[in-house]
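All of the numbers you see were taken from the coordinates with simple rules; none came from a lab. Because the structure is a prediction, the values reported are computed rather than measured. In this analysis, Cβ positions are derived from the backbone assuming ideal geometry, glycine residues included, and neighbour counts consider all displayed protein chains.
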Amino acid sequence: MNIDYLFIIFILGSLIMLILTATLVIFLITHKKKQYRNLLEKQQMESNYQNQLLQSKLEVQEQSFKHFSEEIHDNVGQMLSIVKMQLYGIKNSSKEQEVVTKAADCTELLGKAINDLRNISHTLNSAFVSNAGLADAIEKDLEYIRSARDVKCTLHRSGQEYELENEKELMVFRIIQEAVGNAVKHASASTIDVYLHYQPDKLNVVIADDGKGFDTGAISKSGIGLNNMHVRADLLKGNLQLVSEKDKGTTITFSIDNTETILPIKTIDS
């Protein structure tokens, strides 16, 4: 066996080993890519499933809001209006000054109650936010808080305003509405400031109050109100942050990407 023959065998063997090695490497790379693709698909399916669950929760909640809104407007509001008319009739027909005075006072109080219920009815209905626009809907909600409670509520706007998708505006409104409601009911705040800072690619939102605050380490997201805010922020792909300190108030911040599209919230027409 001469040297040339051995050299040829060595070259062929090396080529075969190189081909086998390359084949093995290509197989491993392809296999890893397939595993990675399957993992991404699984994560995407899980993410879509979670989004659908969150979406379903919000759809049920919005339907409940719609039902309450219609009940307040169609039934409670109408009954109170009838009572108001009857009191007005008593005031005009009675000859006793005390009865007239009390009927007039009750008529005035009922008028205020009817107006407050009308405001509540509007802010519970998702169509109100869509028709009024985000900023005006927030202003209307703060106006109701100012008239019903001894709380100074102010909306601050900055940047070039623009409209978001209806679903985004509704979710942002609900987060702000929840935060303001918590500040009034639980924090006993005397001042609430809502900031809308419009940027070309995102909307930054801040809700700050001077209420009694709380220890954030002692609470969890399990509370219904706080959980609802986080659910909506997650669907908006936003990062909601809450900073609070006892006797120093609470500040909630989050941002919404204006380039993302989210799933629509469905409402069931009755």
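What pairs from Lys140/Lys168; Lys140/Lys248; Lys212/Lys237; Lys152/Lys237; Lys102/Lys140; Lys140/Lys237 go past 20 Å between their alpha carbons?
Lys140/Lys248; Lys212/Lys237; Lys152/Lys237; Lys102/Lys140; Lys140/Lys237
A DSSP coil position with no more than 16 other Cβ atoms inside 10 Å describes the following chymotrypsin sites (Phe, Trp or Tyr not before Pro) in region 123-183: Tyr162.
For region 128-244, the square roots a ≥ b ≥ c of the C-alpha gyration tensor eigenvalues yield an a/c of 1.5 or more together with a/b not exceeding b/c, which makes the shape oblate.
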